[in-house]
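The values are calculated or read from the model by the stated rules, or taken from the named source; none is laboratory data. Owing to the predicted nature of the structure, the values given are computational and were not obtained by experimental measurement. Positions of Cβ are backbone-derived with ideal geometry, glycine not excepted, and every protein chain shown enters the neighbour counts. Quick note on the areas: whole protein, heavy atoms, side chains included, nothing else; ligands and nucleic acids left out. Shrake-Rupley method; radii C 1.70, N 1.55, O 1.52, S 1.80 Å.
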Amino acid sequence: AMPVIESLREATTALHFDSAPELRISVSMGAAEFSAGESLDHLLARADDALYTAKESGRNRVCVAAEVRDES
(Lines give C-alpha, C1' and ligand atoms only; values in the text may rest on other atoms or scores of the structure.)
Protein backbone atom coordinates (compact mmCIF):
# COMPACT_ATOMS: atom_id res chain seq x y z
CA ALA A 1 0.00 0.00 0.00
CA MET A 2 2.91 2.37 0.68
CA PRO A 3 3.79 2.92 -3.01
CA VAL A 4 0.16 3.89 -3.73
CA ILE A 5 -0.04 6.18 -0.72
CA GLU A 6 3.29 7.83 -1.55
CA SER A 7 2.20 8.31 -5.18
CA LEU A 8 -0.98 10.02 -3.99
CA ARG A 9 1.04 12.31 -1.72
CA GLU A 10 3.45 13.20 -4.53
CA ALA A 11 0.63 13.82 -7.03
CA THR A 12 -1.15 16.11 -4.58
CA THR A 13 2.04 18.06 -3.86
CA ALA A 14 2.68 18.46 -7.60
CA LEU A 15 -0.69 20.13 -8.26
CA HIS A 16 -0.48 23.64 -9.68
CA PHE A 17 -3.36 26.07 -9.99
CA ASP A 18 -3.34 28.65 -12.80
CA SER A 19 -5.68 30.95 -10.87
CA ALA A 20 -3.50 30.81 -7.73
CA PRO A 21 0.10 29.92 -8.64
CA GLU A 22 1.29 30.62 -5.09
CA LEU A 23 -1.09 28.00 -3.69
CA ARG A 24 0.64 24.78 -2.63
CA ILE A 25 -1.04 21.75 -1.12
CA SER A 26 0.69 19.15 1.01
CA VAL A 27 -0.63 15.93 2.44
CA SER A 28 0.25 14.12 5.64
CA MET A 29 -1.02 10.56 6.01
CA GLY A 30 -0.90 7.79 8.54
CA ALA A 31 -1.14 4.12 7.63
CA ALA A 32 -1.68 1.04 9.76
CA GLU A 33 -1.76 -2.62 8.87
CA PHE A 34 -4.61 -4.65 10.34
CA SER A 35 -3.55 -7.40 12.72
CA ALA A 36 -5.69 -10.48 13.32
CA GLY A 37 -7.97 -9.98 16.30
CA GLU A 38 -7.49 -6.20 16.36
CA SER A 39 -10.62 -4.10 16.73
CA LEU A 40 -11.48 -1.50 14.11
CA ASP A 41 -11.29 1.23 16.76
CA HIS A 42 -7.77 0.14 17.67
CA LEU A 43 -6.67 0.00 14.02
CA LEU A 44 -8.01 3.51 13.40
CA ALA A 45 -6.35 4.81 16.57
CA ARG A 46 -2.99 3.48 15.37
CA ALA A 47 -3.48 5.07 11.94
CA ASP A 48 -4.42 8.34 13.65
CA ASP A 49 -1.28 8.18 15.80
CA ALA A 50 0.77 7.72 12.63
CA LEU A 51 -0.97 10.71 11.04
CA TYR A 52 -0.05 12.95 13.96
CA THR A 53 3.52 11.65 13.84
CA ALA A 54 3.64 12.68 10.16
CA LYS A 55 2.36 16.15 10.99
CA GLU A 56 4.76 16.59 13.90
CA SER A 57 7.68 15.39 11.76
CA GLY A 58 7.36 18.25 9.32
CA ARG A 59 4.20 17.49 7.36
CA ASN A 60 3.90 16.40 3.73
CA ARG A 61 4.90 12.84 4.54
CA VAL A 62 3.52 9.38 5.19
CA CYS A 63 4.14 7.55 8.46
CA VAL A 64 3.36 3.93 9.22
CA ALA A 65 1.90 2.97 12.59
CA ALA A 66 4.04 1.07 15.03
CA GLU A 67 3.26 -2.55 15.73
CA VAL A 68 0.02 -3.39 17.49
CA ARG A 69 0.05 -2.17 21.05
CA ASP A 70 -1.90 -3.88 23.83
CA GLU A 71 -5.58 -2.84 23.74
CA SER A 72 -6.07 -3.28 27.49
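Points to keep in mind about this one:
- If you take all other residues with their beta carbon under 13 Å from the beta carbon of residue 34, and give Lys and Arg +1 and Asp and Glu -1, the sum is -3.
- Residue with peak Gaussian network fluctuation, the chain [Cα springs, cutoff 10 Å], from 45, 36, 14: 36
- Residue of 33, 56, 22 that the Gaussian network model of the chain assigns the largest fluctuation, springs spanning Cα pairs under 10 Å: 22
- Summing Lys and Arg as +1 and Asp and Glu as -1 over all other residues whose Cβ lies under 12 Å from the Cβ of residue 13 gives a net charge of +2.
- For the chain, the longest principal axis of the alpha carbon atoms and the long axis of helix 2-13 meet at an angle near 30°.
- Charged-residue dipole, Cβ positions (Lys, Arg, Asp, Glu), the range 1-47 about Cα centre, Debye nearest 20: 60 debye
- Counting only protein heavy atoms and a probe of 1.4 Å, the accessible surface of the chain is 56% carbon and sulfur.
- Across 49, 18, 41, mean-square fluctuation computed from a Gaussian network of the chain (C-alpha pairs under 10 Å connected) peaks at 18.
- Selected from 34, 66, 5, residue furthest toward positive end of dipole (the chain; charges at beta carbon): 5
- Surrounding net charge for residue 59, when Lys and Arg each add one and Asp and Glu each subtract one, Cβ distance under 12 Å: +3
- With the largest listed first and rounded to whole Å, the semi-axes of the equivalent ellipsoid of the chain from the Cα gyration tensor are 30, 12, 9.
- Only Cα pairs under 8 Å and 6+ residues apart enter the sum, and on that basis the relative contact order of the chain stands at 32 percent.
- Label-point separation in nm, residue 24 to residue 8, each point 7 Å along Cα→Cβ: 2.3 nm
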